[in-house]
Amino acid sequence: MSNLTTRTSAPADEFREVMSHVASGLVVIAGLRGGRPAGLTASSFFSVSMRPRLVGFCVATASRTWPGLAGDGGALCVSLLARDQRSVADAMASRDPDKHTRVEWTPSPAGRPVAAGAIAAIDCEVAAAVPAGDHLIVTALVGAITHYGEREPLLYHRRGYHGLGPRLP
């Protein structure tokens, strides 16, 4: 007999606290809206499939930025953020309508916006967006990939930014 308590509906603050223990890499998902960069920060980015090459990420249904990105044919570029890009993650996570002007952008091979200084960029096209509670689970077909060099990633853990520690043996 276990002394663990199982709940069918955990309180939101307890759920948030437990989930904060899951470390995740941070990315900026961006596209062009009216010829200008637009994007958002995501901490839920993952590989989905090798054949075809698909990536996935989650976006809040309350996002003001996502409808414009999805409505532009779904042509996106995912920038994998480096440890020194905290200001980029903060800027793109804000609700400031001018947040995109606080980030330096470079073009991807497909001409989509890449956060300057990113570790890598993945050009992609939205394949599907599936409702899941207060978020959408988005899958995207991978196009060009650009790797800018080996640097430490920016991680999000326990509601704060981190880098990697020393490698374990």
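Just so you know, all these numbers are worked out from the coordinates, no wet-lab data involved. Everything numeric in this text was worked out from a predicted model, so none of it was measured. Here the Cβ is made from the backbone with ideal geometry for all residues, glycine too, and neighbour counts use every protein chain on show.
Tabulated data for the structure shown
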{"read-out": "Neighbour-count ranking [beta-carbon atoms within 10 angstrom, fewest first] of M50, M92", "value": "M50, M92"}
{"read-out": "In Hz, Karplus ³J(HN,Hα) per residue of the range 55-71 (6.51, -1.76, 1.60; θ = phi - 60°; x = Gly, Pro)", "value": "10, x, 7, 10, 10, 5, 5, 7, 4, 7, 7, 4, x, x, 6, 5, x"}
{"read-out": "Amide N of the range 72-104 lying under 11 Å from the label point, which is placed 7 angstrom from the Cα of R36 along Cα→Cβ", "value": "97-102"}
{"read-out": "Amide N proximity, the range 140-154 versus A110 label position 7 Å along Cα-to-Cβ, cut-off under 18 Å", "value": "140-148"}
{"read-out": "Highest-first arrangement of 109-118, 129-138, where packing means the average Cβ count within 10 Å", "value": "109-118, 129-138"}
{"read-out": "Test item: Cα-centred dipole of the range 25-147, Lys/Arg +1 and Asp/Glu -1 on Cβ, debye", "value": "40"}
{"read-out": "Derived scalar couplings ³J(HN,Hα) [the range 114-128; Karplus, 6.51 cos²θ - 1.76 cosθ + 1.60; whole Hz; x for Gly, Pro]", "value": "10, 5, 4, x, 5, 6, 7, 9, 10, 6, 7, 10, 4, 9, 7"}
{"read-out": "The chain: calculated mean residue ellipticity at 222 nm from DSSP helix runs of at least 4, using -39500 (n - 2.57)", "value": "-3000 deg cm²/dmol"}
{"read-out": "The chain: radius of gyration and largest Cα-Cα distance (Dmax), Å", "value": "16.9, 62"}
{"read-out": "Two-site FRET efficiency, E125 against R51, from Cβ-Cβ distance with R₀ of 22 Å, rounded to 0.05", "value": "0.85"}
{"read-out": "E150/F15 FRET efficiency (R0 35 Å; Cβ-Cβ; nearest 0.05)", "value": "0.50"}
{"read-out": "Under 5 Å, built H, 5+ apart or other chain: amide partners of R83", "value": "E152, L154"}
{"read-out": "In sequence order, calculated HN-Hα J values of the range 149-155 (Karplus, 6.51, -1.76, 1.60; Hz; x Gly/Pro)", "value": "x, 7, 9, 6, x, 8, 10"}
{"read-out": "Residue order, fewest to most beta carbons within 10 Å, for L32, L155, L81", "value": "L155, L32, L81"}
{"read-out": "Where N is the number of residues in the range 117-169, Cα Rg divided by 2.2 N^0.38 Å", "value": "1.55"}
